[in-house]
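Participant: Quick one: the structure is below, questions incoming.
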């Protein structure tokens, strides 16, 4: 079965980010006529390693290694230098709008990274982890990217939502099954473990992340 390991956002961070991204998504849809939709916030995560096909036993083996990394504190209080929203994987033919960070050099020292040459870890998208560049997929393009999005994106300038790095923190690592549909749009967890996260400033306290009171509106699709 297809599955992936991912870091999950602190609930407060997820909600603040949702409140910032929802009106931006509507601006792109209604004013700029971009064919995008918000990824369900419950699916916002930073993928560590994706597997196209693992058996039940292989997933259990991978998870045991994840637990050893958790016990070692590999992802505790992880702070990444998020650089803002980008068209992903590139400006010419984007499929996603992501919050992106530069390559994370510490990923090479994670114990799980040192096992990518062994099965079942070698069955994953190893190159992604070896040159780990964190990103969180927030909006998804529907259909082929056939217009000059790059120019329109640059023209947005200061209208792009500003997401300070302190606003993004993780408190859980999980193994998700890539088993979603229109009826079940949220990735189901098979395994999950908490991470330690220290107290951090409420993102709403940042002037660049100040948010108005908005209705509790949810995404219209996955």
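None of the figures in this text is laboratory data; all of them are computed from the coordinates on show. Owing to the predicted nature of the structure, the values given are computational and were not obtained by experimental measurement. With ideal geometry, Cβ positions are generated from the backbone for all residues, glycine too; neighbour counts draw on all protein chains shown.
Participant: Roughly how many Å is it from the Cα centre of region 34-109 to that of region 169-195, as a whole number?
Facilitator: Region 34-109 and region 169-195 have Cα centres separated by 12 Å.
Participant: Under a 10 Å cutoff between Cα atoms, tell me which one of 151, 123, 196 has the largest fluctuation in the Gaussian network model of the chain.
Facilitator: Judging by the Gaussian network model, the answer is 151.
Participant: Arranged from highest to lowest average of other beta-carbon atoms within 10 Å per residue, in what order do the peptides 74-82, 1-9, 178-186, 158-166 appear? Walk me through the numbers on the way to the answer.
Facilitator: On the way: 74-82: 16.6, 1-9: 20.6, 178-186: 10.9, 158-166: 14.2.
Highest mean packing first, the order is 1-9, 74-82, 158-166, 178-186.
Participant: Now for a separate question. Using only Cα atoms, figure out Rg for region 3-199 and give it as a multiple of 2.2 N^0.38 Å.
Facilitator: Working: Rg = 17.2 Å, N = 197, 2.2 N^0.38 = 16.4 Å.
Ratio of Cα Rg to 2.2 N^0.38 Å: 1.05.
Participant: Kindly list the residues of region 82-112 that lie in the label zone of residue 150, defined by a backbone N under 16 Å from the point 7 Å along the Cα-to-C-beta vector.
Facilitator: Under cut-off, by backbone N: 86-96.
Participant: With angles folded into 0 to 90 degrees, how steeply does helix 11-26 sit against the dominant principal axis of the chain? Use alpha carbons for both and round to 10.
Facilitator: Orientation of helix 11-26: about 40 degrees from the principal axis.
Participant: In nm, to one decimal, how far is the modelled label at residue 182 from the one at residue 95, with both set 7 Å along Cα→Cβ?
Facilitator: In this crude label model, residue 182 to residue 95 measures out at 2.1 nm.
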